[in-house]
1. Give the residue, chosen from B:437, B:461, B:476, that is over 12 Å from the mean Cα position of the chain (by Cα), closer than 21 Å to residue B:536 by Cβ and part of a loop (DSSP other than H, G, I, E, B).
2. Would you mention how many residues in segment B:492-517 are more than 13 Å from every other protein chain (Cβ to nearest Cβ) and not in a strand (DSSP E or B)?
3. Sort through B:410, B:384 and tell me the only one that's buried (at least 23 other Cβ atoms within 10 Å of the Cβ) and either in the same structural domain as residue B:278 (by TED's automatic domain parsing) or in contact with a strand residue (DSSP E or B) (Cβ under 9 Å, 6 or more places away or on another chain) (or both).
4. Can you list the strands (runs of 3 or more DSSP E) lying wholly within segment A:1-94 that have 3 or more residues being at positive phi?
5. Considering segment A:130-155 alone, what residues qualify as being within 7 Å of chain B (Cβ to nearest Cβ), over 21 Å from residue A:83 (Cα atoms) and in contact with a strand residue (DSSP E or B) (Cβ under 8 Å, 6 or more places away or on another chain)?
6. On the basis of being assigned to a helix (DSSP H, G or I) and buried (at least 23 other Cβ atoms within 10 Å of the Cβ), does residue B:75 make the cut?
7. When you look at residue B:303, is it over 22 Å from residue B:263 (Cα atoms), surrounded by fewer than 24 Cβ atoms within 10 Å (Cβ to Cβ) and within 14 Å of chain A (Cβ to nearest Cβ), yes or no?
């Protein structure tokens with residue numbers, strides 16, 4: 001194993017799917033570059049059409065950002081749609097399509113015997129309300145709570161692992177706040 | 001008790017002393033045996049590395065030698081075997097190639113032997129052979145995985161264990177094969193035995209051989225494998241003695257502990273380098289359809305899903321905890337397991353992702369741990385739970401763990417390490433009687449040896465090129481399986497069109513083989529031992545908008561005119577989907593065509609019948625509408641996807657033409673752009689999650705689910721920690737605090 005310098009250009013190529021298999025293999029076989037995260041953030045920041053500071057990428061199109069004007073930490077889509085407090089599961093603020101029948105399921109699972117069984121399972125597709133991009137898929141039984149795929153402990157990560165605490169360190173307690181939104185919904189029932 | 005490692009090495013008198021000292025010093029200090037400095041490594045790093053290289057070399061050679069000296073075809077061909085060197089108290093120092101996380105079981109079995117006084121009764125002496133395949137006492141995942149332990153002595157002092165495991169061909173359960181898919185309790189698991197002394201002076205006992213003959217259906221193969229494991233262990237024993245002679249006993253005893261502490265430190269560094277602290281949630285479901293199959297066992301006569309819920313918590317120290325709270329309660333089915341065997345699945349992503357720059361030792365276990373609530377599928381609160389096929393759903397647990405880590409790697413920018421991980425696999429198993437009266441049992445490991453790799457965030461997954469559970473992906477030779485299983489012939493083997501999780505990058509396609517039955521003799525019964533079944537995908541959440549992979553499905557074509565068509569020289573189907581096409585198009589007529597999306601029962605097969613599997617598909621990554629449309633056209637032209645999926649899933653419109661009788665597709669750019677725009681618009685008119693929640697909540701309050709779904713939730717509410725999941729469920733749907741399903 002060797003340690004290699006991974007440039008921003010290489011990261012861009014990797015993200016775009018144009019890095020050769022040989023180069024990917026080289027990356028896999030090498031010691032990891034400790035500055036990858038910061039270079040990655042720079043590349044991501046250059047590519048989004050807004051200038052809120054990206055703190056972390058959660059998914060292909062979902063980022064945790066620090067809003068330029070208010071300083072709030074929110075989750076946000078590439079298109080600019082804002083999902084709110086990053087500690088609330090962003091999927092709760094999406095649009096949703098649910099496939100329940102074999103006919104609906106066989107549009108995305110095929111051949112037909114490969115389809116999940118209706119009534120036992122349903123396919124949930126989560127879309128960004130701003131751009132319609134499919135951000136997440138769940139295949140679960142009816143009645144299953146929506147999963148919060150990943151809630152990072154940002155303050156610990158920046159302070160203890162990167163040794164570079166965020167300017168508002170300590171302001172956002174590390175906790176899942178999804179229930180606060182659901183409780184609001186329940187008042188409208 | 002002991003103040004440090006030096007004190008232990010000087011004063012420990014027994015294996016019990018060593019084990020207690022290891023536990024106490026490690027827990028108290030957070031480092032292995034309380035080791036603060038890697039003295040031997042620091043004094044002479046080259047000597048230290050050379051020492052380890054020699055240990056590693058011994059176990060590597062043990063595998064390659066022993067499987068060529070005596071082995072069943074399964075033992076010789078497949079990757080599911082492992083030879084290892086362990087410390088006297090059960091930590092692993094070095095592994096051969098193979099299914100490396102089996103080393104989890106070594107710790108469990110050796111601990112059991114030590115804590116239960118095996119030093120006194122039956123005694124642990126030079127040349128003694130121990131064996132086990134038990135989950136509860138010895139950490140075996142299932143009875144098909146059989147372990148051999150040989151203690152290593154030097155000048156009268158016990159200095160370690162040589163250990164080996166392989167997946168045998170037949171486990172002796174009521175359902176023939178090595179992963180019985182139907183078992184009500186452990187008495188139906190087959191030949192299960194706790195750690196036992198099965199030989200002395202390096203010689204297996206006569207009764208031991210007779211036991212294999214009496215209690216399993218493939219005794220010749222199983223005895224060959226038993227000798228294979230022992231051969232490798234003896235090779236390790238001799239090699240270790242030579243190494244101790246060269247380096248000295250004192251060096252050996254300290255160095256083996258430093259090696260493990262070195263790994264532990266490397267794991268900690270790798271977590272910090274690759275991950276992000278936080279909470280990662282995942283879930284998976286596995287169908288159990290026993291309704292009607294088990295009318296003689298009323299307590300097992302039900303349909304439900306096994307729910308595996310995993311919350312991975314990466315803490316800043318750093319430590320990783322895989323918390324299985326919310327997982328189903330154990331049940332009267334074949335798919336339970338015990339913590340040791342479950343951990344073999346849990347640690348798969350650790351060996352797959354964190355050991356690339358260090359030594360593969362037990363050092364990986366100390367800062368990454370699992371938690372299985374008492375009473376759950378992976379930790380039954382009874383020793384009588386069946387565990388004949390925990391692999392049916394524990395692979396999904398490994399995949400959930402892997403996908404959680406992938407989310408962390410993705411956040412850090414290490415895209416080259418990210419895959420949409422799946423754990424599906426399949427095996428065909430059974431028993432028969434040849435025309436001459438010879439009885440036999442078998443397992444075909446083809447679809448365990450290799451499955452498709454999931455999509456990366458930058459490229460498609462590759463079919464039949466990977467397996468989460470082994471570095472040695474190898475589906476074996478068709479010819480080998482054909483001679484091993486007399487009436488089974490391969491009529492075809494090919495990738496199944498559309499059979500993957502789709503996405504911007506799609507998973508590798510699943511594989512299908514058509515097993516043609518030719519002159520089975522007096523009788524032949526087959527079933528399926530495998531992981532998921534298509535009724536539920538395995539991993540319930542896709543990556544970044546991609547779809548999780550579909551699971552396995554099967555086709556049994558019996559009492560058909562296939563043999564006549566073959567005699568006439570007409571084309572025949574090469575995969576499960578082609579069988580269905582042939583029947584639909586009238587090219588084959590069958591009186592009995594069955595499609596299985598849940599485990600089939602044992603099926604009686606006659607001459608000319610066919611059994612076909614479709615398995616090992618992998619998951620996608622990203623929104624399918626973002627897939628390069630030319631990649632979709634390429635898939636069409638390679639017959640990897642259908643026109644239907646190109647349109648319905650990818651929004652791609654293709655122009656079809658025929659050149660020299662061969663169908664070719666070209667992209668209709670304008671229609672594709674229009675179709676994709678329309679799809680996006682349609683998405684934007686979908687309901688909000690809030691509106692969906694309002695409607696679904698009423699359904700939950702009304703308990704408007706089919707019984708298997710209701711049972712699944714109730715089961716998850718009823719483990720020791722099930723109340724936590726119930727409260728979470730009640731919170732999400734804002735239900736009465738006493739709500740029950």
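1. When all the criteria are applied, what remains is B:461.
2. Summing the residues that are more than 13 Å from every other protein chain (Cβ to nearest Cβ) and not in a strand (DSSP E or B) in segment B:492-517 gives 1.
3. B:410
4. So the answer is none; nothing clears 3.
5. A:139, A:140, A:141, A:142
6. It is true that residue B:75 is assigned to a helix (DSSP H, G or I) and buried (at least 23 other Cβ atoms within 10 Å of the Cβ).
7. So residue B:303 passes the test.
Yes or no, residue by residue, for (1) within 11 Å of another protein chain (Cβ to nearest Cβ); (2) in a helix (DSSP H, G or I); (3) in contact (Cβ under 8 Å) with a residue 24 or more places away in the chain; (4) over 27 Å from residue B:378 (Cα atoms):
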residue	(1), (2), (3), (4)
B:672	no, yes, yes, yes
B:698	yes, yes, no, yes
B:725	yes, yes, yes, no
B:728	yes, yes, yes, no
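The values are calculated or read from the model by the stated rules, or taken from the named source; none is laboratory data. None of the values given here were measured: they were computed from a predicted structure. When we count neighbours, we look across all protein chains shown, and the Cβ atoms used for this are built from the backbone with ideal geometry, even at glycine.
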